[in-house]
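The values are calculated or read from the model by the stated rules, or taken from the named source; none is laboratory data. Being a predicted model, the structure only gives us computed values, none of them experimental. For neighbour counting, all protein chains shown are included, and Cβ atoms are generated from backbone atoms with ideal geometry for every residue, glycine included. SASA here: full protein model, heavy atoms, side chains in, ligands and nucleic acids out. Shrake-Rupley method; radii C 1.70, N 1.55, O 1.52, S 1.80 Å.
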Amino acid sequence: MKIICIGRNYSEHVKELGNDPNAEPVFFMKPDTALLPNRNHPVFYPDFTNNLHYEGELVFRVSRLGKFIEPQFAHLYIDSIGFGIDFTARDIQQTCAAKGLPWEIAKSFDFSAPVDGFRPLSDFPDLNNISFELKLNGVTVQTGNSRDMIFDIRRIIAHVSKYVTLKTGDLIFTGTPKGVGPVQKGDVLEGFLEGVPSIKVQIK
Ligand code: MG
């Protein structure tokens with residue numbers, strides 16, 4: 001399986017990072033080794049960064065093989081929604097971007113994509129109105145709603161499947177709202193989907 005991540009998908013976060021809000025969707029991938037082996041496994045703070053950031057995101061699970069998917073059929077290719085954290089070595093990412101280089105090493109390292117709390121699509125009657133929240137050590141640091149996405153899940157699936165065949169089990173991280181920030185060893189992150197506790201991750 002593969003993990004597809006959309007960047008720059010909430011206008012407030014785009015402004016936060018100084019990017020152009022009118023650009024086409026940007027996507028990148030993480031390997032399956034970015035997942036945690038189980039839900040109690042910690043995220044180890046990598047020794048190559050001094051600025052590890054959380055990015056709380058809605059994650060859609062692909063349920064069918066698909067290529068060149070039209071937006072109006074996109075919802076037929078996903079079956080569940082979970083909460084993911086797109087961990088990012090922000091210092092490395094900014095160094096790579098400044099040199100015009102790909103920033104895989106800032107995004108794709110081991111345990112950089114914890115995801116949990118999947119619930120069936122039927123739990124979410126409106127894909128464009130799904131609220132989520134991320135807490136850091138019990139304090140809310142990000143709140144988001146899929147209605148604020150620049151590119152909704154239908155457009156994301158149509159865009160990505162133009163270039164990459166989607167397969168059952170693939171995960172799509174859909175971008176993060178404003179409020180990203182650093183974590184330290186010992187921190188605990190908790191994600192909520194529509195108020196329901198969905199993921200808990202400890203940084204070690
Ligand atoms: Mg992200």
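Quick notes
- 10 Å binning of all Cα-Cα separations within the chain, expressed as whole percents from 0 upward: 9, 38, 39, 13, 0
- Peptide packing: for 117-127, 58-68, the average count of neighbouring Cβ atoms within 10 Å per residue gives the ranking 58-68, 117-127, highest mean first.
- Pairs of Lys residues in the chain, spaced 8 or more positions apart or belonging to different chains, with C-alpha separations under 14 angstrom: 10 in total.
- A cut-off of 5 Å between modelled amide H atoms, ignoring neighbours fewer than 5 places along the same chain, links Val26 with Gly7.
- Length gained when the stretch Lys2-Thr165 is fully extended (0.36 nm per residue, less Cα-Cα span): 57.6 nm
- Accessible area (Å², per residue) of segment 65-162, counting only protein heavy atoms and a probe of 1.4 Å: 45
- Surface composition of the chain: carbon plus sulfur atoms hold 51% of the accessible area, using a 1.4 angstrom probe and ignoring ligands, DNA and RNA.
- Think of each Lys and Arg Cβ as +1 and each Asp and Glu Cβ as -1; about the Cα centre, that makes the dipole of the chain roughly 340 debye.
- Point-charge dipole on Cβ atoms (K/R +1, D/E -1) for segment 7-119, about Cα centre, debye to 20: 220
- Global geometry of segment 54-143, whether rounded, prolate or oblate, following the gyration tensor of its Cα atoms and the 1.5 cut on a/c: oblate
- Cα gyration tensor category, rounded, prolate or oblate, for segment 122-204 with a/c compared to 1.5: prolate
- In sequence order, calculated HN-Hα J values of segment 147-160 (Karplus, 6.51, -1.76, 1.60; Hz; x Gly/Pro): 5, 8, 5, 5, 10, 6, 4, 5, 5, 4, 5, 4, 5, 4
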